Amino acid sequence: MRVWQYLANSSLWVDEAALARNIADRSPGELLQPLDYAQVAPAGFLLVEKAFVSLLGDGELALRLFPLLCGLAALPIFWRLASRVLAGWWGVYALGLFALATPLVYFSSQVKQYSSDVAATVVVLAAAVWLRSGSGADLFPRARRAAIAGAAVAWLSQPVAFVLAGSGATLAWCAWRERRPAALRASLLVCAAWAASSGLAAALALRNVSPADRAYLDWYWSNGLMPFPPASFADALWVWDRLTWLFGAFVTGLRRTNGGLGYPWSQVFVGLTMVGYFAIWRVRRDMALILLMPVVVVILAAAFQLYPLSGRVVTFLIPVLLIPVAAGAGFVIDALPARVQLLAPVLLAIAIGSPIYATLLALPPERTEHLRPVMEAVSRHRLPGDAVYVYYGAGQAFLYYAPRFGLTPRDYVLGRCSVTDQRAYLRDLDAFRGRSRLWLVSTHARLAADEFRTMVGYLDSIGRRVQAFEQQATSRVASQAAYGLLYDLSDAGRLASATADTYPVPPVPVDPAFARWGCYGTQAASAGL
């Protein structure tokens, strides 16, 4: 499924394009400086991506190759992890959940670090579990390898620092509690290496986020920060809600681009997770803590307003939670009294059917903001002298693809972003009055604010639509579609029907924070904005 999604070679969506432009346009040294367009990525990930681009070119398949390799490598590592913690078929069940998890399939072919986040998490958990199974002369060789593995992946993933902290603390605490001096020394060696490497990586990452970018990201992910102390009953259920959304669908974002496993009855899986931690604790407290503490650390980070427990940035927690899910399902089925054994098939139907149902609803290829075919069509039908106006939401992807279709800055106008004054878009379009051929290219359209609808309605009023190319997203959400619309604006009668100042524009209330940040980051396609 991961290769299927990769070979579908869908267009880069806005965040991918923004990061890809940084990777393609910068030298390796420049990638270790603050990135443009409010992008944040681990230094190691960026340098590996740059190496692939230098060797294979900056096409989509080259840019997505490292995430694919991370997604594929995580599968056997996760299997080793699950088989050490779970017995029998429950390990196989956990592997099935991991293999079919739709966000993990999707992010394995995205030019973002979410796939390496997952791979790094699995490596650290597997290393910690493997170290706990060592003893005697085997202990220190294992500790050295675990130390190297964790120290290395700290540069490929930023949130793996939470996993390193939780798992490392567990290793040291368990060895101290068991009064095993050799195990304690080995654990402290691992903890020191993990802390030093992740500390250096974190320091570089923090240095590479400007104050403005940090304020923007705090606003963007504010819904993932825990209200603490809780001021209401709803606040008290905040963690439960976020875990329910992680197994189901987050209320922010759309389909795969913002995480969520998409399971029906997602509350059941949160319950199985809690039961699973208990079941593992009864057999091996150290294994339960290795899997539990990273989640606790992330929750604490959300409570202290340091990291959001929301959306795609917590994709790395999926493998941490799937093993307890499998343990919980096994424990409940095995513990059912004989008189209610009829409930076992019901639980199995939910535990197996729900993930399969989610997978079938989101089979590859998943396509979001599939702009490349639209630009191919526009390039093929564009005549000398045609004007091209690019809606600002499409700016990142358009600028990535423009050189591939022979488009230079003289051939197009990149529209401005103006979330507080929609008439500004119409004034931009008024500059093309009298032109017989104007192309409007768009994706990542803010339909909720009626921006793109208003622009298209205005052009349909003052001109005639000659041709239209559209690529629907797999989600069938209009704002994730890509459009190439050709208009004739040379009819004097139509032009007289409205102007930018007289065309009716629906009032749209704008939140003050959105007014400040709505045109920041990826929406600013030119560097420095």
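Any read-out appearing in this document is the output of simple, stated calculations on the displayed coordinates, not a laboratory observation. All of these numbers come straight from a predicted model, not from anything done at the bench. Cβ coordinates were reconstructed from backbone atoms using ideal geometry, including for glycine residues, and neighbour counts include every protein chain displayed.
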- Per DSSP H run of at least 4 residues, take -39500 (n - 2.57); add these up for the chain, divide by its residues and hand me the 222 nm value, nearest 500 deg cm²/dmol. -18000 deg cm²/dmol
- Message: As a footprinting exposure proxy, order S497, S10 by other Cβ within 10 Å, with the fewest listed first.
- Response: S497, S10
- Can you tell me the order of 433-442, 82-91 when each peptide is scored by its average per-residue count of other Cβ atoms within 10 angstrom, highest first? 433-442, 82-91
- Message: Neighbour counts of other C-beta atoms within 10 Å: give me L300, L35 arranged from fewest to most.
- Response: L300, L35
- Message: Which of H444, H381 has the fewest other C-beta atoms within 10 Å, and how do the rest follow up to the most?
- Response: H381, H444
- Wrap a convex hull around the Cα atoms of the chain, take a quarter of its surface area, and give that in square nanometres. 27.0
- Message: Please list 3J(HN,Hα) in residue order for segment 83-92, calculated via the Karplus relation 6.51 cos²θ - 1.76 cosθ + 1.60 where θ = phi - 60°; whole Hz, with x for glycine and proline.
- Response: 5, 7, 9, 10, 9, x, 6, 5, x, 5
- Relative to the longest principal Cα axis of the chain, at what angle does helix 139-153 sit, 0 to 90 degrees, rounded to 10? 10
- Message: Nearest 5 percent is fine: what portion of the DSSP beta bridges confined to the chain is antiparallel?
- Response: 65
- Give the Cα extents of segment 326-457 along the principal axes, in whole Å, largest first. 81, 34, 21
- Under a Cβ-Cβ cut-off of 13 Å, what is the net charge of the residues other than S310 that fall near it, where Lys and Arg count +1 and Asp and Glu count -1? 0
- Note on the structure: Here the convex hull volume per residue of segment 371-523, taken over Cα atoms and given in Å³, is 110
- Query: Distance from the Cα centre of segment 405-428 to that of segment 443-512, in angstrom?
  - Reply: 13
- Restricting to Cα pairs under 8 Å and 6 or more apart, the percent relative contact order of segment 1-113 works out to 38
